[in-house]
Amino acid sequence: MNATPFEDASAGLRPEEFAEAAEAAIADALNQAPEARLAVLGAAGLFGVCADEASGGLGLPLDFAVPVVQAAGRLRLRWALAEQIVLARHLPDPALCSALIEGRHSASIACQGPIGRAWVGHARHAGQAHWMLVRSTDETGSQSAVLLDLAHAPHQSDAALDPEEPLTWWDLSAAPVLARLDAARTEALWHDLEILLAATAHGAAEGALQAAVSHTGTRVQFDAPLSSRQAVRHWLARMKLYHEAGGAAIARALQRNEWGQARSGRTALALNLQHGAFIIEKAMHLHGGMGFTWELPLHRALRELRAIDAALGAGSLARGLGRDFIHQQTEAA
Amino acid sequence: MQRDLPPGDLSTGALPPPHDTRRHARDWLRANLPDHMRTDSLAWRSPTLDESRDWEAAMHRAALAGMTWPQAYGGHGQSLREHLAVNKEIGALLMPESVGSIGKELAGPIIMAVGTEAQKQGFLAPILRMEQFWCQGFSEPDAGSDLARLRTKAVEENGFWRINGQKIWTSGAAKAHHCLLLTRTGTVADKHRGLLMFAVPMDTPGIRVVPIKSIDGKESFAEVFFDDVVVPDSARLGAPDEGWSAALRVLGIERATNRMYRPWRFECELGFLLRALASDPEQARQLQDGGVQRRVGELLAEIDGLKGLVERTVNQLMQGDSIGARGSLTKLFWSESHQAFAGFALGLVSQIGPQSSPLARRARQAFTQAYLFARAETIYAGTSEVQLDLIAQRILQLPR
């Protein structure tokens, strides 16, 4: 197999330097028709960045996928990229991994809804996907997951949040099972997904912040750029503050904790969803009337971020974090 | 149950700090911190100045203070990474804030950067041994954040300096042995030019300290008047302009690396609040509320971001990177998040009464006081607005 452009770029680079290569590939995909994007992203090697080399992946640590999905968020790529990267890394069947890595198939992940319930939703861009991973429990009651084929599954579109990329509700009661993930694989996949969704939100916020800085630096009112006004400067500074804190939380989640264990990505995800929404909403506000238009693409970033939040239960992530910490403290007492 | 000690702190990347540093910090602090100095202890009482001084001196002898200062000046010659490892353990206990912080966090590093060898030998080790307290004479009634409006004047006279002026918001002035005093040699029209620093003994004739009572009922800061105060040239810290410029560079780093324990202390405070509520059956019901659980989760996420900012700063400094105004990020994020937490905590403890559990009553006392003190957090060491200006100007580089 010939080296992908991404493989060429990966030689000797640090994770943050991956952003440039990822950005070029994503920009290329965005110039294609939606139906051609899967092949373009696959050919660029983006899906296999952390996947096993035996399956055709690059076998790199999760750090290297962070700038990839961050670039996707920044450029407002409407694709379940984070989901496809973690599935390509954690599915047990190398043939399925290869199909995802090469872009022959696409997949998403339902963040809520156990198998057996009639309608399963909350999977990003599932309308574009061939397969969907759904949470389940194994015979011991442990958390597990199954990969289902969506080919003939009945589904309904829900365009309330995004008329161009509607949420899709699926009846998966008769969907064929393609793979089963045991508790360990499921846990590892979910860990990676939380961090990559955090990075996706972080990237979306970064794009909005850049747009706001650029617009307010060039839009002249009362003989001066908007960003020379203290009120505007302070909003931009606060957006930068929240963006930096979100990035620092992701960097921290990628490092092992004091006991040598992998850190959960839940806090980083909660923080980036909370801060990301603030940054994008404020960026829209700072664009004035333009911020309310369809033409300015910030609304796409906001829909994408709100879709992630909804998929995770709209605030239930933070509530779960709080509940667990309260339990831990009261047990200690 | 005591958890096993970590094999090393991998959270800062690169090489973990030596196991022994953190193990030593944890063991020593838990063995030696008196119960009455732990905010979450039923035995707590406000420590006297002597008790606080003795505790901090003992921490220094135990190699837990002055970590990064050179051994030649009484420090322990360790790296910032080890300093961070110790700070995580300091943050994991609810102990009193330092009473020697102006000396250790401000005066000491500035003296190290611009002082003469005699000044370094004379001042630095006594600061760490807690033999000398310092106060900071920067703010004036007409010059708070804007030091260009500074009026306190220093005039050279035959190898001596005559100083006249007034300082305000001077923390710890009543107990201080020395003042790190910022003056100007010219006129206010010179703005940022002609600024000159001194190490002024507080028992010099002409100095008058008038305490100011703060909203927490304490007299921890003061107005300080300088009326024809004469000091020798040996009290000068650096040359005019040069000394202050160097000090600004030092302060940028200090702002980013002082009190690195804050996010870990914040988490510890949150844990204490929850344990105290859980200790009382009636108050424990609040913990079942979904809104309370969600707010706790949001605070944990913010604490995590704050830890990340601190660890990133240490990594950058260890790699020799310049951090510029990035200290403003940590200060601003901590102060606003912690202040909001204090308001949240006050709401939760406000229903605790005489019938409540002893730990709940201790928490009511502690968090009510914390709420009042938290009003200062977005003011001191540069207000939130000053920090936002710094981020806008130096990090985002927005047009003026």
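The values are calculated or read from the model by the stated rules, or taken from the named source; none is laboratory data. Being a predicted model, the structure only gives us computed values, none of them experimental. With ideal geometry, Cβ positions are generated from the backbone for all residues, glycine too; neighbour counts draw on all protein chains shown.
What to note about this one:
To keep it simple, each residue is scored yes or no on (1) part of a helix (DSSP H, G or I); (2) closer than 19 Å to A:Arg252 by Cα; (3) within 12 Å of chain A (Cβ to nearest Cβ).
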{"residue": "B:Ala256", "(1), (2), (3)": "yes, yes, no"}
{"residue": "B:Gln283", "(1), (2), (3)": "yes, no, yes"}
{"residue": "B:Ala340", "(1), (2), (3)": "yes, no, no"}
{"residue": "B:Gly347", "(1), (2), (3)": "yes, no, no"}
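- Scanning the range B:180-192 turns up one or more residues that are surrounded by fewer than 19 Cβ atoms within 10 Å (Cβ to Cβ), hydrophobic (A, V, I, L, M, F, W, C) and more than 22 Å from the chain's Cα centre (by Cα).
- Residue, farthest from the other protein chains (Cβ to nearest Cβ), within the range A:247-275, restricted to residues that are assigned to a helix (DSSP H, G or I), free of Cβ contacts under 8 Å to residues at least 60 places away in the same chain and more than 19 Å from A:Gly320 (Cα to Cα): A:Gly247
- Number of positions in the range B:286-311 that are crowded, with 24+ Cβ neighbours inside 10 Å and in contact with a Gly (Cβ under 7 Å, 6 or more places away or on another chain): 3
- Test: residue in the range A:195-214 that is among the polar types (S, T, N, Q), within 14 Å of chain B (Cβ to nearest Cβ) and in a helix (DSSP H, G or I): yes
- Meets criteria (acidic (Asp, Glu) and either in contact with a strand residue (DSSP E or B) (Cβ under 6 Å, 6 or more places away or on another chain) or within 26 Å of B:Ala247 (Cβ to Cβ) (or both)) for B:Glu51: no
- Among the conditions (1) at the interface with another protein chain (Cβ under 10 Å from one of its Cβ atoms); (2) on the phi < 0 side of the Ramachandran plot, the only one that A:Gly315 does not satisfy is (2).
- Restricting the range B:201-254 to residues that are modelled with pLDDT of 85 or more and part of a helix (DSSP H, G or I) leaves a set whose member that is nearest to B:Ala342 (Cα to Cα) is B:Ala235.
- Unique residue being within 17 Å of the chain's Cα centre (by Cα) and within 21 Å of A:Trp119 (Cβ to Cβ) when the list is A:Glu165, A:Glu206: A:Glu165
- Condition met for A:Thr330 (assigned to a helix (DSSP H, G or I), among the β-branched types (Val, Ile, Thr), buried (at least 20 other Cβ atoms within 10 Å of the Cβ) and facing chain B (nearest Cβ under 8 Å)): no
- Taking helices (runs of 4 or more DSSP H) as the structural unit, those lying wholly within the range B:37-124 and holding at least 1 residues that are of a type outside the set (A, V, I, L, M, F, W, C) and modelled with pLDDT under 95 correspond to B:80-91, B:108-114.
This table checks each residue for (1) surrounded by 22 or more Cβ atoms within 10 Å (Cβ to Cβ); (2) farther than 30 Å from B:Glu282 by Cβ.
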residue	(1), (2)
B:His338	yes, no
B:Phe344	no, no
B:Gly347	no, no
B:Tyr371	no, no
B:Ala374	no, no
B:Thr378	no, yes
B:Ser384	no, yes
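Every residue, every condition in (1) in contact with a His (Cβ under 8 Å, 6 or more places away or on another chain); (2) small (Gly, Ala, Ser); (3) in a strand (DSSP E or B), yes or no:
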| position | (1), (2), (3) |
| --- | --- |
| B:Pro126 | no, no, no |
| B:Cys135 | yes, no, yes |
| B:Ala148 | yes, yes, no |
| B:Arg151 | no, no, no |
| B:Ile163 | no, no, yes |
| B:Gln166 | no, no, yes |
| B:Thr170 | no, no, yes |
| B:Ala173 | no, yes, no |
| B:Ala176 | no, yes, no |
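- Scanning the range B:364-397 for residues that are part of a helix (DSSP H, G or I) and either more than 14 Å from chain A (Cβ to nearest Cβ) or within 16 Å of B:Ser171 (Cβ to Cβ) (or both) turns up B:Arg364, B:Gln365, B:Ala366, B:Phe367, B:Thr368, B:Gln369, B:Ala370, B:Tyr371, B:Leu372, B:Phe373, B:Ala374.
- Considering each residue of the range A:295-307 in turn, none proves to be in contact (Cβ under 8 Å) with a residue 60 or more places away in the chain and within 14 Å of chain B (Cβ to nearest Cβ).
- Of all residues making up the range A:221-246, the number that are at the interface with chain B (Cβ under 8 Å from one of its Cβ atoms) and of a type in the set (Asp, Glu): 1
- Criterion applied to B:Glu311, B:Glu302 was being within 21 Å of B:Ala370 (Cα to Cα), in a helix (DSSP H, G or I) and either within 18 Å of the chain's Cα centre (by Cα) or at the interface with chain A (Cβ under 7 Å from one of its Cβ atoms) (or both), and the one residue passing it is B:Glu302.
- Only residues that are surrounded by 14 or more Cβ atoms within 10 Å (Cβ to Cβ), modelled with pLDDT under 90 and of a type in the set (A, V, I, L, M, F, W, C) were counted across the range A:131-168, and they come to 2.
- Test result for B:Ile352, crowded, with 19+ Cβ neighbours inside 10 Å, within 25 Å of B:Phe272 (Cα to Cα), at pLDDT 95 or above and β-branched (Val, Ile, Thr): yes
- Scan of the range A:23-56 for residues that are under 15 Å from A:Arg104 (Cα atoms), outside any helix (DSSP H, G or I) and over 19 Å from the mean Cα position of the chain (by Cα), ordered by number: A:Gly56
- Matching option when the condition is at the interface with another protein chain (Cβ under 9 Å from one of its Cβ atoms) and modelled with pLDDT of 95 or more, among B:Phe272, B:Phe266: B:Phe272
- From A:Gln84, A:Gln70, A:Gln32, residue being under 15 Å from A:Ala129 (Cβ atoms) and either in contact with a helix residue (DSSP H, G or I) (Cβ under 7 Å, 6 or more places away or on another chain) or in contact (Cβ under 8 Å) with a residue 60 or more places away in the chain (or both): A:Gln84
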